[in-house]
Amino acid sequence: MNTLSYKTKSAKKEEVVRKWFIVDAENQVVGRIASQIAHVLRGKHKPSYTPHVDCGDNVIIINADKIRFTGNKWDQKTYLSYSLYPGGQKSTTAKELAAKKPHAVIENAVRGMLPKTKLGRAMFKKLYVYEGAEHGHEAQKPEPLKF
């Protein structure tokens, strides 16, 4: 009797090879680009994806100040923050947040699509968001990420 043994290969954190990708967010819809970036940060685009290992790649986003929303989300979408004091909840619209911190709109969207664990926080640290077209990661030779 010939029994074949098929084993699922599980990635280990020492074996993970990380690449660098660059994304131009100009005229991109926030939610659509954020879901694709979260997919790459988790490593789900790789055949060696393992849920309990951070096997994602590094992502650089440029032109974060030129993103767009559909519909009336610039005026209707609100971001809540809480200072942990009684009555310390503050709300900000997407237009106000983009005027103060344009990178925070994309960062909030991507962070919401990653796991809410230590692993998710480690994945989020591989995201680099810049308002303009300039970034300081030329030495890593990032490849353009096409969607």
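Using the Cβ-Cβ distance between GLU26 and ALA122 with R0 set to 22 Å, the FRET efficiency from 1/(1 + (r/R0)^6) comes to roughly 0.20. For PHE147 and HIS45, the difference between the fully extended length at 0.36 nm per residue and the C-alpha to C-alpha distance is 35.5 nm. Seen from every direction in turn and averaged, the convex hull around the alpha carbons of the stretch 20-144 projects onto 8.9 nm².
For the stretch 1-92, lysine pairs with C-alpha atoms less than 20 angstrom apart, excluding pairs fewer than eight positions apart on the same chain, total 13. Net charge in the neighbourhood of LEU41 (other residues with Cβ under 11 Å of its Cβ; Lys, Arg +1, Asp, Glu -1) is +4.
Averaging 1/r over each pair of different alpha-carbon atoms in the stretch 74-115 and inverting the result gives 11.2 Å, the Kirkwood hydrodynamic radius. Ranking GLN36, ASN63, THR50 by how far each Cα lies toward the positive end of the dipole of the chain (charges on Cβ) leaves THR50 at the top.
About its Cα centre, the dipole of the stretch 20-144 is roughly 560 debye, where the only charges are +1 on Lys and Arg Cβ and -1 on Asp and Glu Cβ. If the chain linking SER81 and SER35 were pulled fully straight, counting 0.36 nm for each residue of separation and taking away their Cα-Cα distance, it would gain 14.3 nm.
Each value in this text was obtained by applying a stated rule to the coordinates, not by laboratory testing. In this text the structure is predicted, and so the values were computed from the model without any measurement. Cβ: placed from backbone, ideal geometry, glycine included. Neighbour counts: every protein chain shown.
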